[in-house]
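Undergrad: The structure is given below, and queries will be raised subsequently.
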Amino acid sequence: MSDLDTLAAEADRGIAAAADLAALEALRVALLGKQGSISALLKSLGAMSPEQRQAEGPRIHALRERVTAALAGRKEQLEAATLEARLTTETLDLTLPSPEAPRGAIHPVSQVMDELAEIFADMGFAVASGPEIEDDWHNFTALNMPETHPARAMHDTFYFPDQMASDGRKMLLRTHTSPVQIRTMVADGAPVRIIAPGRVYRSDSDATHTPMFHQIEGLVIDRGIHLGHLKWTLETFLKAFFERDDIVLRLRPSYFPFTEPSVEADVGYAEVGGRRVLGGDGNAPGHGWMELLGSGMVNPRVLEFCGLDPSEWQGFAFGVGVDRLAMLKYGMDDLRAFFDGDLRWLRHYGFSALDVPTLSAGVGVRA
Ligand code: PHE
């Protein structure tokens, strides 16, 4: 047997006996590595005579190929065995209790704001916002409530005692979302079609009033806007929000300094088992009208304050209490509980994070 045959037989034996991947790798290095025995044979070809090389070359190359294939085959075997061993030792105990489910719920106020954004987006309204710490120019003056206007007193405003804006304006917590009307018109001009949901503050507290509550403002400015557009918008919004086609609206003359004319919108309800259920004509027997929101055509003075020409642009605006909308739709009766942070209340009235309001599914599906 030549040296080559001996080497081949030894390599075969060693490879078959390699017990693990590390042993096999050591063998590969010893045979085919830089200092390996087969590599040395290949190097020896250079020193041979052409005849010798012609005879030995193919044998040495064949040996290298054979050993390479044997190494790969054994490697595959060892890897399969390792996997097999892992699969038999690793077990998954399906009887273990499931991991704790994530806690927390979406607050009804957030849910209702999302519902409103969805409804108004469908009518082409964008969502705008403004600061909760406002100055009295945006909160009052530009809304046609000068310093001495009696309506200012009605707002129970929280003023910052020693804060002034750089231009001498008094700082306060905004008492309504209407200053967002001003900010939007000043920044973007006209036309405008926005809603502005957010927190507002008034020094007032009982079962239906909390010092902080939520409003949503609506503002449309364009050419040729009239009261009919306002009524249609409110009606469409309320039908979508309460998911009832029989919502009947009554517009009643009212007064806000920033709208002219001003209208309060009432919604008809039926008295059912001591509970008021929205829907139907409020004048029908056993029915009544519930005051729901303030609105009106934007006062030309307000347009002027914002740099718009009232002979070119008209518009309407409305403001609604978001908490009140939530109470009416989901049946809570004490506003204060909204902000107590009582986990039992939150779990009961909260929404699943997956319960994203969509018009196609009905805006207020409960999990
Ligand atoms: N800002 C008014 C309020 O807080 C509501 C309102 C908004 C009225 C827009 C008319 C137009 O009571």
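Undergrad: Report, ordered by chain and residue number, the aspartates and glutamates lying within cross-link reach of LYS75, taken as a straight Cα distance under 17 Å and ignoring same-chain residues fewer than 8 apart.
TA: By straight Cα distance, LYS75 reaches ASP12, ASP20, GLU25, GLU65, GLU84.
Undergrad: List the residues whose amide H sits under 5 Å from the amide H of THR175, counting only those 5 or more places along or on another chain, with H placed 1.01 Å from N in the peptide plane.
TA: TYR201
Undergrad: Hey, how many Å between the Cα centroid of the stretch 132-211 and the Cα centroid of the stretch 254-300?
TA: A separation of 24 Å, based on Cα centres.
Undergrad: Classify the stretch 1-48: rounded, prolate or oblate, from the alpha-carbon gyration tensor (a ≥ b ≥ c, eigenvalue square roots; a/c under 1.5 rounded; otherwise prolate if a/b is larger than b/c)? Walk me through the numbers on the way to the answer.
TA: On the way: a/c = 5.52, a/b = 1.54, b/c = 3.57.
Judged from the Cα gyration tensor, the stretch 1-48 comes out oblate (a/c at least 1.5, b/c at or above a/b).
Undergrad: Now, a different point. Among the GluC sites (Glu not before Pro) within the stretch 62-163, which fall in a DSSP loop and have no more than 16 other Cβ atoms within 10 Å of their own Cβ? All intermediate terms of the calculation are to be shown ahead of the outcome.
TA: Details: sites: GLU65, GLU76, GLU79, GLU84, GLU90, GLU100, GLU115, GLU118, GLU132, GLU134, GLU147; in loops: GLU90, GLU100, GLU132, GLU147.
Qualifying residues, ordered by number: GLU90, GLU100, GLU132, GLU147.
Undergrad: Could you work out which residue, out of LEU227, LEU308, LEU87, moves most in a Gaussian network model of the chain, that is, has the largest mean-square fluctuation with Cα springs under 10 Å?
TA: Looking only at LEU227, LEU308, LEU87, the largest GNM fluctuation is found for LEU87.
Undergrad: Could you work out how far helix 179-188 tilts from the main Cα principal axis of the chain, as a 0 to 90 degree angle to the nearest 10?
TA: Once rounded, one gets 70 degrees.
Undergrad: Are there trypsin sites (Lys or Arg not before Pro) in the stretch 134-234 that DSSP marks as loop and that have at most 14 other Cβ atoms within 10 Å, and which are they?
TA: Numbers: sites: ARG152, ARG169, LYS170, ARG174, ARG183, ARG193, ARG199, ARG202, ARG223, LYS231; in loops: ARG169, ARG174, ARG202, ARG223.
Listed in order of number, the matching sites are ARG223.
Undergrad: Using each residue's phi in the stretch 325-342, evaluate 6.51 cos²θ - 1.76 cosθ + 1.60 at θ = phi - 60° and report the 3J(HN,Hα) Karplus result to the nearest Hz, with x for Gly and Pro.
TA: 4, 5, 4, 5, 7, 10, x, 8, 10, 10, 5, 4, 4, 4, 10, 6, x, 6
Undergrad: Under a straight-distance cross-link criterion of Cα-Cα below 25 Å, which lysines are reachable from LYS329, leaving out those fewer than 8 residues away in the same chain?
TA: Within the straight-line cut-off, LYS329 pairs with LYS231, LYS239.
Undergrad: Just report the Cα centroid separation between the stretch 39-105 and the stretch 328-351, whole Å.
TA: 64 Å
Undergrad: Then there is this: For the chain, give the share of DSSP beta bridges that are antiparallel, in percent and rounded to the nearest 5; count only bridges with both residues there.
TA: Numbers: 51 of 54 bridges.
Rounded to the nearest five, the antiparallel share is 95 percent.
Undergrad: With a 1.4 Å probe and all protein chains left in place, how much accessible area per residue does the chain have, in Å²? Could the numbers behind the result be given before it?
TA: Values: 19980 Å² over 367 residues.
Heavy-atom accessible area per residue stands at 54 Å².
Undergrad: Provide the per-residue ³J(HN,Hα) series for the stretch 57-74, in order, calculated from phi with Karplus coefficients 6.51, -1.76, 1.60 and θ = phi - 60°, each as a whole number of Hz, with x at glycine and proline positions.
TA: Karplus-based 3J(HN,Hα) across the stretch 57-74 equals x, x, 5, 5, 5, 5, 4, 4, 5, 5, 5, 4, 5, 5, 4, 5, x, 5 Hz.
Undergrad: Right, another one. Round to the nearest 10 and give me the degree value, 0 to 90, for the angle of helix 227-242's Cα axis relative to the longest principal axis of the chain.
TA: Computed tilt is about 50 degrees.
Undergrad: I've got another one for you. How large, in percent, is the carbon and sulfur part of the accessible surface of the stretch 72-221 at a probe radius of 1.4 Å? Before the final figure, lay out the partial values.
TA: Details: 4540 of 8250 Å².
Carbon with sulfur: 55 percent of the solvent-accessible area.
The values are calculated or read from the model by the stated rules, or taken from the named source; none is laboratory data. Values in this document were obtained by computation on a predicted structure and should not be read as measured data. Cβ coordinates were reconstructed from backbone atoms using ideal geometry, including for glycine residues, and neighbour counts include every protein chain displayed. To get the accessible areas, we keep the full protein, side chains included, count just its heavy atoms, and leave off ligands, DNA and RNA. Shrake-Rupley method; radii C 1.70, N 1.55, O 1.52, S 1.80 Å.
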